[in-house]
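One structure is given below, encoded as structure tokens.
What follows is calculated from the coordinates using simple rules that are stated; it is not laboratory data. Remember, it's a predicted structure, so these values are computed and weren't measured experimentally. No Cβ is skipped: glycine too gets one built from the backbone with ideal geometry, and neighbour counts run over all protein chains shown.
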Amino acid sequence: MTTNRPLLWTLSVAIALLAPVAGAQQAAPRAEAQESDALTDKARQLFEDGVKAAQAGKWADAHAAFLAAWGLKPHYQIASNLGVACLRVGKPRDAAEYLTLYLREAPATKVQERQRAEASLQEARAQVAAVTVRVAPDGAEVTVDGASVGRAPLADPVFLDPGRHEVGAKLDGYVPQAQPVEATAGGTAAVVLELQRLPAPDADRAGALRSVSPAPGTSRGGGRTAVLVGGGIATGVGAAAGVLFTVLANNSAGEAETQKTTLLASGRNPCTTPPAPAACAQQGQALDESTLYSNVAFWSFAGAGTVGLGTLLYAIVGGPEARVQVTPTVGINDVGLSVGGAF
């Protein structure tokens with residue numbers, strides 16, 4: 001008895017739907033006529049073929065005809081019959097989808113038809129799981145095992161055959177998400193997915209630039225400026241030291257010359273015969289100091305010149321992308337610079 005009852009319900013629904021076409025119920029409400037008129041001629045013919053196949057127990061043919069009619073005109077009347085046909089050919093998941101759609105769109109005035117659809121839906125639901133899927137933001141494409149099932153927000157639950165599935169969502173500009181679901185016959189589940197925005201390309205580029213930016217309070221040219229200022233200061237200090245030690249060397253040389261003149265006033269050099277007077281020691285010390293100061297002055301001027309020339313070269317060809325190495329070269333009789341690197 002349980003096997004035959006859905007068949008009788010299906011036939012009664014099909015006959016009720018076809019009545020306006022066949023003219024068997026001349027007193028049908030105007031709403032029924034309008035619903036029949038909503039079907040195109042081709043869809044109506046396919047629908048009638050499906051009803052005939054269902055009446056003959058040919059459910060595979062009925063399913064094919066109802067499905068073709070639905071493809072032409074997705075009307076809730078077709079959804080009801082297609083749902084029952086899906087149930088009869090072993091497609092409970094599809095049956096639950098079509099019957100749920102029918103119950104959502106069919107007028108409340110269709111009391112008997114809705115009761116029959118609800119009974120068939122309960123039969124289908126006992127074999128599948130109903131999953132409520134909530135996705136943010138709206139408009140995201142919802143997928144089950146990679147296949148699209150619509151866009152958020154979904155009007156109805158997603159029905160799944162028993163087993164493990166993956167419910168996902170994706171939207172341009174957002175990171176896709178997916179969540180596994182273990183579906184059980186007659187069970188329910190809920191999936192909540194909140195998509196996160198992808199970082200903007202400009203933001204990525206700005207972040208990369210910030211990673212190589214100088215510390216707060218400095219600029220990209222800060223290092224170059226420091227080199228130039230430091231080089232200028234070092235050159236000035238070296239030059240000033242050279243002038244100072246040159247003056248000291250000249251003073252010591254003048255003092256040694258004065259001592260020599262005093263010692264030679266007698267017509268001979270008393271420093272060559274012992275005991276030598278104290279003035280001889282003073283003259284020798286003055287000469288030594290003059291030599292020392294002269295050497296220090298020379299190296300001060302040489303260093304100032306080297307640093308100054310290096311700073312000038314850096315000012316001309318140096319920069320954030322240049323790698324210049326300036327090395328002073330000092331010999332016995334000359335002084336210079338060795339410049340190398342990449343410009």
VAL237 paired with ASP41, simple spin-label distance in nm, labels 7 Å along Cα-to-beta-carbon: 10.4
Ranked packing of 102-115, 82-95, most packed first, by mean Cβ within 10 Å: 82-95, 102-115
Rounded if a/c under 1.5, otherwise prolate or oblate - the range 100-143, Cα gyration tensor axes: oblate
Highest-first arrangement of 135-145, 187-197, where packing means the average Cβ count within 10 Å: 135-145, 187-197
Around ARG164: net Lys/Arg minus Asp/Glu count, Cβ-Cβ under 14 Å: -4
